Amino acid sequence: MNAANLNQCWAGLIMEELARNGVRHVYIAPGSRSTPLVVAAVQHQKMSVMTHYDERGAAFAALGSGRMGNTAAILCTSGTAVANCFPAVAEARQAAIPLVVISADRPLELHNCGANQTMPQQGIFGVHVRADLALPCPTHDVPWEDLLTQLDTLVAAAGTPGKGGPVHLNCMFREPLLADVGQDAVSDPNTAAIRQWRASTAPFTDQAASSRGLSEAHQAEIVAVVRGAERGLLLAGRLYTEKERDAVLRLARRLQWPLFADITSGCRRCGDGIQLISSHDVLLRSENCRAAYSPDVILHLGDTFVSKALLTYLEAMRPVYMQLLERGEVRDPAHRVTHRYHVDIPTGCEQLNTALDEVSPCTVSAAPLSEADRRVQQGISERIDADRQFAGIHVVDAVNSFCDDSSLLFVGNSMPVRILDAICSHCAAFPVHANRGVSGIDGNIATLVGMAHAADRPAVAILGDVTTLHDMNSLGLLTHIKTSLILVVINNGGGGIFSMLPIAKYPELLGPYFVNRHEWRFASVADMFALPYCAVTSKAEMNNALEKAAAEGGPAIIEAIVDETDADQFRMLLRDAVAMTDRLF
């Protein structure tokens with residue numbers, strides 16, 4: 001049987017086994033060497049296929065799907081196409097999001113000889129992937145059972161959101177890539193194992209996942225520390241599922257400790273009975289507040305935080321610091337965790353809820369902290385309402401008020417995620433998503449599209465102008481989305497975040513080498529991609545544009561044109577809120 005038939009046979013096996021393992025979305029960046037895999041994906045009845053001309057965008061779209069719990073694959077050809085997947089791989093690795101990268105490759109005889117579009121691809125992602133599998137050119141010498149088992153192992157390593165990551169499958173193919181019409185197909189090996197596999201819909205090798213709980217000794221250890229706490233503090237870092245959030249909130253109600261909840265935790269929608277301190281990022285900028293409540297015990301549930309003020313706060317103390325975390329690695333940038341437990345968050349929280357049937361109250365009251373939080377929230381809200389100059393804070397506030405339970409909200413890095421974390425005491429959307437693994441500005445539009453495609457829900461994104469410019473290629477992906485998808489771009493004419501960093505002390509360097517001032521608008525870009533577009537310059541126009549875009553459905557771009565001093569307004573808001581906090585302690 002010739003190579004072309006074997007190419008199609010192996011490609012079909014790969015797609016079938018990926019589908020049986022739950023990979024149902026494939027984002028294809030077209031190329032020649034990947035032809036057998038593309039044809040197999042398109043012909044598979046359970047695969048949803050989306051094509052995009054840019055490998056970087058396609059990879060981030062696959063990552064977005066993985067964020068929603070739908071492990072997806074990016075399928076690309078050989079050469080630099082594979083390298084363009086690297087940013088998404090790095091984000092998936094650091095954010096613990098499942099992602100399957102499938103790259104086609106040239107056969108061994110075309111390597112190291114100057115052959116076109118050929119470079120070393122095996123192991124290209126190095127430590128950034130959880131597993132990789134390099135397949136030889138299809139051959140009769142490799143039993144189907146071996147191929148299927150290795151594919152099952154690879155996909156299992158991708159895991160689930162919060163405890164997963166990227167994996168890489170590299171597939172060599174010889175020409176001819178496809179068999180001619182009328183050529184006989186490769187017949188199944190007549191083995192009992194393959195006959196049984198064909199008759200089922202399950203993977204060849206079942207890779208059952210287990211939910212790890214706390215041992216009895218660890219439960220007793222945590223309970224003893226909690227009951228002896230004088231000043232307890234509960235931290236809810238990034239969480240990935242509603243089940244995790246609900247378990248964390250049930251434990252928060254039991255403990256009655258102050259809760260600092262990250263914007264990506266979902267725990268700012270907590271209801272009554274919880275001591276939520278939603279303005280922690282603002283309060284902890286106050287030296288008086290930091291001195292007034294210094295915990296002796298911290299219980300940290302989940303991943304890391306957006307807030308740098310919280311990190312500084314943690315670095316200045318040495319409490320008993322216990323962290324419950326899904327992923328089996330260190331997530332402690334302050335290097336203050338004294339007890340780390342790698343457990344399933346819902347399981348661990350429920351175990352502690354049961355064990356902590358009676359909790360001794362902390363002897364130091366957190367009432368002043370709660371009152372300061374209430375006053376600061378009120379002050380921020382009044383400031384946003386009173387400010388007449390249209391700024392990013394008004395855009396973020398408007399989007400947050402617009403979203404509801406049905407919405408997906410994605411927030412870009414640099415300014416938008418920091419504004420949302422600082423000013424929004426209550427998040428209407430759940431969960432709030434952001435690419436905070438490596439916190440890059442690349443692939444943000446594509447990530448949003450992958451999320452919307454996988455979840456089939458209305459979606460909204462708040463991105464900065466530079467972030468949008470960086471991923472303009474991915475606007476082509478929006479044409480595949482049929483549900484409401486609103487891309488809100490805050491255009492302040494450059495990288496506003498730099499005016500809040502130490503380099504701002506050097507204006508001769510700040511403008512030309514960091515901010516990169518521009519006067520570009522996105523109307524012509526929207527026109528090129530045939531996307532509905534609206535420019536807004538006031539709070540009222542912003543609200544009207546959101547309602548109109550939602551009513552019309554489909555993708556749309558809203559460009560919020562704000563002054564280049566936009567970041568200064570946010571900085572002044574923080575300054576005034578910190579001054580108020582200082583007076584309250």
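The values are calculated or read from the model by the stated rules, or taken from the named source; none is laboratory data. The structure displayed is predicted, hence computed values, not measured ones. Quick reminder, even Gly has a Cβ in these numbers, built from the backbone with ideal geometry, and neighbours come from all protein chains shown. Calculation scope for accessible area: heavy atoms of the full protein, side chains included, ligands and nucleic acids excluded. Shrake-Rupley method; radii C 1.70, N 1.55, O 1.52, S 1.80 Å.
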| message | Once each part is reduced to its C-alpha centroid, what is the distance from segment 448-479 to segment 76-102 in angstrom? | response | 18
| task | May I ask you to derive the relative contact order of the chain, considering only C-alpha pairs under 8 Å and at least 6 residues apart, and to give it as an integer percent? | result | 14
| field | Eligible lysines near residue 46 by straight Cα distance, threshold 22 Å, same-chain separation 8 or greater | value | 482
| Helix 3-20 axis, angle to the chain major axis (alpha carbon atoms, nearest 10°) | 30
| remark: Taking a straight Cα-to-Cα line shorter than 13 Å from residue 539, and setting aside same-chain aspartates and glutamates fewer than 8 residues away, one finds 385, 387, 397, 547, 559
| said: What aspartates and glutamates does residue 505 reach when the alpha-carbon gap must be under 19 Å and sequence neighbours fewer than 8 apart in one chain are set aside? | reply: 564, 566, 568
| task | Specify the angular offset, from 0 to 90 degrees and rounded to the nearest 10, of the alpha carbon long axis of helix 216-227 from the longest principal axis of the alpha carbons in the chain. | result | 20
| task | Before anything else, pin down the relative contact order of segment 315-378: Cα pairs under 8 Å, at least 6 apart, normalised by residue count, whole percent. | result | 27
| request: Quickly estimate the mean residue ellipticity at 222 nm for the chain, helices only: each DSSP H run with n ≥ 4 gives -39500 (n - 2.57), and the total goes over all residues, rounded to 500. | output: -12000 deg cm²/dmol
| field | Helix axis angle, 144-158 relative to the chain longest principal axis, alpha carbon, degrees | value | 10
| query | Heavy-atom accessible area per residue, the chain, 1.4 Å probe: how many Å²? | reply | 40
| When the accessible area of the chain is split by element with a 1.4 Å probe, what percent falls to carbon and sulfur? | 51
| task | Under 1.5 on a/c is rounded, so check that first for the chain, then, if it is not, pick prolate when a/b is larger than b/c and oblate when it is not; a ≥ b ≥ c are the square roots of the alpha carbon gyration tensor eigenvalues. | result | oblate
| Sites excluded, GluC sites (Glu not before Pro) in DSSP loops with at most 13 other C-beta within 10 Å, longest stretch of the chain | 1-229
